[in-house]
Amino acid sequence: MNDAPGWASPGSSEPEPHGDKAQGTPAAGDGPQHGERPAQADRPAPTGWSAQQPPSAGPTGWDAPGSPPGRPDAPAGWGQGPGWGGPQQYGAPYAHVAKPGVIPLRPLGVGEVLDGAVSTMRAHWRPVLGIALGIAVLVQLVTTVATGLWFSDMGAFLALEDDTSPTAEELSDALGPLLGSEAVHGLMTVVGTVIATAMLTMIVSRAVLGRPVSIGEAWRDARPLLGKLLGLTLLVTLIVLGVLALCLLPGAVLAAAGSTLAGSFFLLIGSLGGLVLMVWLWVRFSLSAPALMLERGTVIAALRRSGKLVRGSWWRIFGIQLLAALLVFVLSLIVSVPVGGLASLVDGSPGGSLLGDVPATLTWPYLIVTAIGAVVTSTLTLPFSAGVTALLYIDARIRREALDLELARAAGVPGHGPQQPGPGTVAG
């Protein structure tokens, strides 16, 4: 959506003007024009979006057109709104908040972020579920075939439960099939998640504007950036794992040198510290994917952009992401438990995944039923997770950069200036 107003990072095309009379910024003591909000230190006026994305100049509903000046004791910059000039009249209408798509164009609450992700799945269920289903089927097909052909023998791995001192050869025989299967599954999951995240982010960006979108349109928008998004994903993974390795290094060195007690202590401290840093970095870079896809910058620029947007809102974004992850986990558990029992029933082995048991040989019926359950889970959880992340990015920009004004104008909301051409919009 590089042609949709408001997605470019402020100042990406030209430096922000300075001085009291900078373009688009009222001088000190002047009231705001219609469609503008009070100037704040961390919420710059939407100037400098790009040369193709001028700020809105039309009335937006923050001020009542033709209303008298605000109260003398009102904060500078606020216009006279309903109820300021006299006693409150019961039944008077509240200021309208534009909602052209799946979210209201204002700072979002926790429930609105989660509901927006679900609403996107409902409003655009064909492309959303089509993308998620197609990618989930591809990932599970490759994983299931590879596991069934080369990594189905789990007998040596299960034998480790009774062997307290296995040899190196026994460990290799036991862990080989498991690690091979997980490697194939991990590789396919990364590739599939990158493609799904890219396309679903594009769909969410249009759903916010209330615009229709097809799978083909989402693919055309996302395809040029898939390589960058894959690089971004791998880079973030390397950074997080590298930090953990550095935290564990002192304890590992001491343990290797023979200081068992000191090594164990520093390994414990390093593990705790590494876990904290991993979570902090995960949240700090959590908005880098939508920043890359919607602002179409570089990988490094997306990482910096995410850090800037998360700054000051770390705990809020962490809480919402954690809540979304818990919901995904619960949904996955609801699907996987009965599917695991069914797979064991079809396979003929007792217990099944419900008790955490794995058959000694992963038969094709067991693998197929398990793969079907994984497809169902991924089809439901991938769009939700991608939607929450994309909406958190949009919410962060609304809070810091008044992106809602740009989005309202792009969506053609009355009173927000002329609609700008964008994806799905035919220019006049």
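Being over 16 Å from the mean Cα position of the chain (by Cα) and surrounded by 14 or more Cβ atoms within 10 Å (Cβ to Cβ), is that true of even one residue in segment 315-326?
Scanning segment 315-326 turns up no residue that is over 16 Å from the mean Cα position of the chain (by Cα) and surrounded by 14 or more Cβ atoms within 10 Å (Cβ to Cβ).
Can you name the number of the only condition in (1) under 25 Å from residue 292 (Cβ atoms); (2) assigned to a loop (DSSP other than H, G, I, E, B); (3) among the small types (Gly, Ala, Ser) that residue 119 fails?
(2)
Here are some conditions: (1) hydroxyl-bearing (Ser, Thr, Tyr); (2) at pLDDT 95 or above; (3) exposed (fewer than 14 other Cβ atoms within 10 Å of the Cβ). Residue 119 meets all but one. Which one does it not meet?
Failed condition: (3).
Considering each of 393, 366 in turn, give the residue that is part of a helix (DSSP H, G or I), in contact (Cβ under 8 Å) with a residue 40 or more places away in the chain and among the aromatic types (Phe, Trp, Tyr).
393
Restricted to segment 104-116, and to residues that are among the hydrophobic types (A, V, I, L, M, F, W, C) and outside any helix (DSSP H, G or I), which residue is surrounded by the most Cβ atoms within 10 Å (Cβ to Cβ)?
In this case the residue turns out to be 105.
Being surrounded by 14 or more Cβ atoms within 10 Å (Cβ to Cβ), in a helix (DSSP H, G or I), at pLDDT 80 or above and not basic (Lys, Arg) is the requirement here; does residue 134 meet it?
Answer is yes for this residue.
Condition first: part of a helix (DSSP H, G or I), at pLDDT 75 or above and of a type in the set (A, V, I, L, M, F, W, C). Now tell me which residues in segment 338-363 satisfy that.
Selection gives 339, 342, 343, 345, 346.
I'd like to check which helices (runs of 4 or more DSSP H) are fully inside segment 219-331 and have at least 1 residues that are out of contact with any helix residue (DSSP H, G or I) (no Cβ under 7 Å at 6 or more places or on another chain) and under 23 Å from residue 384 (Cβ atoms).
By residue number, 226-256, 260-284.
For (1) hydroxyl-bearing (Ser, Thr, Tyr); (2) under 17 Å from residue 7 (Cβ atoms); (3) surrounded by 14 or more Cβ atoms within 10 Å (Cβ to Cβ); (4) in contact (Cβ under 8 Å) with a residue 60 or more places away in the chain, each residue gets a yes or a no:
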site	(1), (2), (3), (4)
221	no, yes, yes, yes
235	no, no, yes, yes
253	no, no, no, no
264	yes, no, no, no
281	no, no, yes, no
287	no, yes, yes, yes
290	no, yes, yes, yes
311	no, no, no, no
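The values are calculated or read from the model by the stated rules, or taken from the named source; none is laboratory data. Note that this is a predicted model, so its numbers are computed, not measured. No Cβ is skipped: glycine too gets one built from the backbone with ideal geometry, and neighbour counts run over all protein chains shown.
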